[in-house]
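A short write-up of the structure that comes next.
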Ligand code: G3P
Ligand code: MG
């Protein structure tokens, strides 16, 4: 694997808001717009299956109720994760992380797996994601990038599969952010895009870290980050930015 094998543009949750986030339909749409790398959010069911969902709870993006991680996979698999978005996607199921991995591997698409644990499951989720990714991507040219806002999840991922690249996610570059990234042997720091300035970019890159930004949906912000020499952008605007913009 090269030092940093990932493209600059990463399609957020598959296709941003153009399709129901974190469904296979969304990743297929993002790929149709020319994107080669995707971000997804992964968490554990009560019986240990990794599946894709952003929120802790089911209400916003499915017809289920309550804390998603308290349901077993057989229950989660029955839910409709598409109707909330639009009738065209009615009946779209929640995918497992393995479903998405197989789609990406079969189509030469790259993945950033955000470890998004149900509160209280930080270590178990980090460990499970790393173990599954190591198994599914064994022998692949480019492994997935594992990232999380939760240091405990990244630490568990590091212990389970130290060879997989990790990224620390941060809303703000709070005191100690570089030390945390270094302690977890991260390859990248991904922050909310206004956090990046000439000073913070230089501090990260001088420490050998790649600098990524979420979630950038307008051209002016993207140009600012490009001029700063940053290394990657997550976008919802999969039809207007990145691969789609040529
Ligand atoms: O991984 C980048 C971004 O997805 C982090 O925030 O809340 O969209 O998962 P969120
Ligand atoms: Mg995410």
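Read-outs throughout are calculated quantities, based only on the coordinates presented, and are distinct from any laboratory measurement. Since we're looking at a predicted model, the values are computed, not measured. Using ideal geometry, Cβ is built from the backbone for each residue, glycine included, and neighbour counts are taken over all protein chains shown.
Taking every DSSP bridge with both residues inside the chain, close to 15 percent are antiparallel. Once you reduce the range 159-233 and the range 28-78 to the center of their Cα atoms, the two points are 25 Å from each other. Note on 98, 39: ascending count of other Cβ atoms within 10 Å places them as 98, 39, the fewest first.
Taking label positions 7 Å along the Cα-Cβ direction at both residue 84 and residue 192, the computed distance is 2.1 nm, reported to one decimal.
Of 212, 18, 52, the residue with the greatest mean-square motion in the GNM of the chain, using alpha carbon springs below 10 Å, is 18. By other beta-carbon atoms within 10 Å, ranking 240, 174 with the fewest at the front produces 174, 240.
Helix content alone sets the calculated 222 nm mean residue ellipticity of the chain: runs of n ≥ 4 DSSP H residues at -39500 (n - 2.57) each, divided across all residues, give -8500 deg cm²/dmol. Take the Cα of residue 205, step 7 Å toward its Cβ, do the same at residue 159, and the gap between the two points is 3.6 nm.
Comparing 15, 183, 134 in a Gaussian network model of the chain where C-alpha atoms under 10 Å apart are linked, the largest mean-square fluctuation is found at 183. Here the extension length gained between residue 47 and residue 182 equals 45.3 nm, from 0.36 nm per residue of separation less the Cα-Cα distance.
Highest mobility in the GNM of the chain, judged by mean-square fluctuation with C-alpha springs under 10 Å and restricted to 80, 236, 206, is found for 206. Once the chain from residue 74 to residue 240 is taken as fully extended at 0.36 nm per residue, the excess over their C-alpha distance is 56.0 nm.
Computed on the chain, with alpha-carbon pairs under 8 angstrom and 6+ residues apart, the relative contact order is 19 percent.
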